[in-house]
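**Student:** Just passing along the structure, written as structure tokens.
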Amino acid sequence: MSDSQDTDGNTATMPVDRKSIGARLSAARTERKLDRRVVANELNLDVSMIEALENDDEAALPAAIFVKGYLRNYARLVGLPEDEIVSDYAELSGDPPPLNVVTIQGKTPFFQLPSARLLRNIILLLLASILIWLAYPFAERLIESRGQVTQPVEPGRLELPPAEPQATE
């Protein structure tokens with residue numbers, strides 16, 4: 001390992017064939033003739049955060065999840081490969097790799113719930129049968145009343161019920 005200098009004159013310990021992440025970002029920024037304030041405004045960060053990223057100042061940086069986002073956006077802005085910068089940072093920071101989803105084959109649960117669609121259809125069927133059961137007496141009365149023959153009423157004629165005989169005292 002040997003010491004390499006970035007564009008601001010700071011020394012960082014990195015392999016000879018590879019510059020530090022901050023040095024690469026700084027070199028790409030100066031190559032595009034961008035000021036730190038311009039980069040900070042584009043990324044919605046403070047200038048001190050840009051300086052900390054370029055100087056690889058771990059103490060001034062927030063949690064790794066935020067730094068990865070900052071590095072990804074910074075690399076995109078200056079035209080560097082985003083995934084390479086973020087993966088290099090993950091290696092340096094010692095973050096664990098992302099979790100992988102593993103399925104267990106051949107093991108079925110003791111009790112498997114039916115699908116939501118099946119449950120919905122069963123509930124709708126039960127509700128429909130309850131409504132039919134409740135409506136049956138009304139439908140039966142309606143059918144019976146339709147079966148009775150009523151005499152048509154002649155126009156202009158009013159039918160009154162027969163008068164009840166009055167009781168005499």
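The values are calculated or read from the model by the stated rules, or taken from the named source; none is laboratory data. Note that the coordinates shown come from a computational prediction; the quantities given were computed from them, not determined experimentally. Note that we place each Cβ from the backbone using ideal geometry, even for glycine, and neighbour counts take in every protein chain shown.
**Student:** Which condition does M14 not pass, out of (1) within 19 Å of S87 (Cβ to Cβ); (2) over 34 Å from the mean Cα position of the chain (by Cα); (3) at pLDDT 90 or above, if it passes all the others?
**Tutor:** So the condition that M14 fails would be (3).
**Student:** From the list A75, A52, A27, A23, pick out the single residue that is surrounded by fewer than 18 Cβ atoms within 10 Å (Cβ to Cβ), part of a helix (DSSP H, G or I) and without any contact (Cβ under 8 Å) to a residue 60 or more places away in the chain.
**Tutor:** One residue alone meets the criteria, A27.
**Student:** Here is a follow-up. Which of the residues spanning the range 40-49 are closer than 10 Å to N73 by Cα and surrounded by 16 or more Cβ atoms within 10 Å (Cβ to Cβ)?
**Tutor:** Within the range 40-49, the subset closer than 10 Å to N73 by Cα is 42-43.
Selection gives L43 alone.
**Student:** Right, next: Could you check the range 21-41 and list, in sequence order, the residues that are of a type in the set (K, R) and within 20 Å of S93 (Cα to Cα)?
**Tutor:** As a first pass, look at the range 21-41 and keep what is of a type in the set (K, R): 24, 29, 32-33, 36-37.
Within the range 21-41, just R24 meets the criteria.
**Student:** Mind checking which residues of the range 53-80 are under 14 Å from A23 (Cα atoms) and within 28 Å of the chain's Cα centre (by Cα)?
**Tutor:** Listed by number, the residues that qualify are L71, Y74, A75.
**Student:** Still on this structure: Being assigned to a loop (DSSP other than H, G, I, E, B) and free of Cβ contacts under 8 Å to residues at least 40 places away in the same chain is true for just one of L34, L45. Which residue is that?
**Tutor:** Just a single option satisfies the conditions, and that option is L45.
**Student:** Filter the range 42-59 down to the residues that are among the small types (G, A, S) and modelled with pLDDT of 90 or more, then identify the one that is nearest to Y89 (Cα to Cα).
**Tutor:** A52
Residue-by-condition table, conditions (1) among the aliphatic types (A, V, I, L, M); (2) outside any helix (DSSP H, G or I); (3) at pLDDT 75 or above:
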residue	(1), (2), (3)
A40	yes, no, yes
P62	no, yes, yes
V67	yes, no, yes
N100	no, yes, no
F110	no, yes, no
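**Student:** Something else: Any residue in the range 91-109 that is among the charged types (D, E, K, R) and under 30 Å from E54 (Cα atoms)?
**Tutor:** Yes, that holds for at least one residue.
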